[in-house]
Ligand SMILES: N[C@@H](CCC(=O)N[C@@H](CS)C(=O)NCC(=O)O)C(=O)O
């Protein structure tokens, strides 16, 4: 069996590197995993990459020649392939799947847009950015409130167990300072961020492709690199409708 992972040090990319490390932590005897770093400066648009991911985004998993796109689908795929409490395979999976979709449909797009308008978009004036920043900022805070409401009932997003729903959501919430979404009014959410960050599998998962002393903060050089790639991606001129 072969597993090839195409990813990078971004929120959607971390989901998969964390999942692999958490499966190892859970005692799963994984086959060899081949890691491939995708440079978002343009790798995502090459014909070779589009052959496995027509959506031109990272991450992608290739299992025995079958490509799986979409980070949350990859989490579910790995969860089903290697059963652990990260993804229950009995009826309790219905406690998890809706929250995995919730992340994919809400947290990712809203935090992604908030981040882009706050940090990356350079082809709009401050006045043009004011409305989307307010809108995505408010909606991001509402979603943090939903997470807080869930954590009132249990330690993790959808129950007492840490699952793929926590992995996928955490990867976006951890960068709250970079996206300028103030989660600190919700101490339960802050505790949840720290609780998950303290896991050895998470530590290794977020280390992929990053110097050890930059796991939790950017150096000036990396910050500049992210601004450059992020700016290139977020610019309207980068959007192509003729794929
Ligand atoms: N819904 C997709 C989103 C993937 C996504 O947007 N990935 C970003 C990195 S976090 C990317 O590859 N961006 C490159 C681009 O937009 O050109 C998923 O969850 O896999």
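The values are calculated or read from the model by the stated rules, or taken from the named source; none is laboratory data. Please read these numbers as outputs of a predicted model, since none were measured by experiment. Glycine also receives a Cβ, built like all others from the backbone with ideal geometry; neighbour counts cover every protein chain displayed.
In region 2-35, which residues are assigned to a strand (DSSP E or B) and touching a helix residue (DSSP H, G or I) at 6+ places or on another chain (Cβ under 9 Å)?
The answer is 3, 4, 5, 6, 7, 33, 35.
Conditions (1) within 16 Å of residue 73 (Cα to Cα); (2) within 16 Å of the ligand (Cβ to nearest atom); (3) in contact with a strand residue (DSSP E or B) (Cβ under 8 Å, 6 or more places away or on another chain), marked per residue:
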| residue | (1), (2), (3) |
| --- | --- |
| 8 | no, yes, yes |
| 12 | yes, yes, no |
| 18 | yes, yes, no |
| 34 | no, no, yes |
| 38 | no, yes, yes |
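Could you please give the count of residues in region 78-113 that are assigned to a helix (DSSP H, G or I) and over 13 Å from residue 5 (Cα atoms)? Break it down stepwise before answering.
Here is the first cut: in region 78-113, the residues assigned to a helix (DSSP H, G or I) are 78-81, 93-113.
Add one more test, that the residue is over 13 Å from residue 5 (Cα atoms), and what stays is 79-81, 93-113.
The total comes to 24.
Could you check region 142-243 for helices (runs of 4 or more DSSP H) lying wholly inside it with 2 or more residues that are over 21 Å from residue 59 (Cβ atoms), at pLDDT 95 or above and touching a helix residue (DSSP H, G or I) at 6+ places or on another chain (Cβ under 6 Å)?
Those helices (runs of 4 or more DSSP H) span 187-197.
Looking at region 40-69, which of its residues are without any contact (Cβ under 8 Å) to a residue 24 or more places away in the chain, in a strand (DSSP E or B) and within 9 Å of the ligand (Cβ to nearest atom)?
69 - this is the single residue of region 40-69 that is without any contact (Cβ under 8 Å) to a residue 24 or more places away in the chain, in a strand (DSSP E or B) and within 9 Å of the ligand (Cβ to nearest atom).
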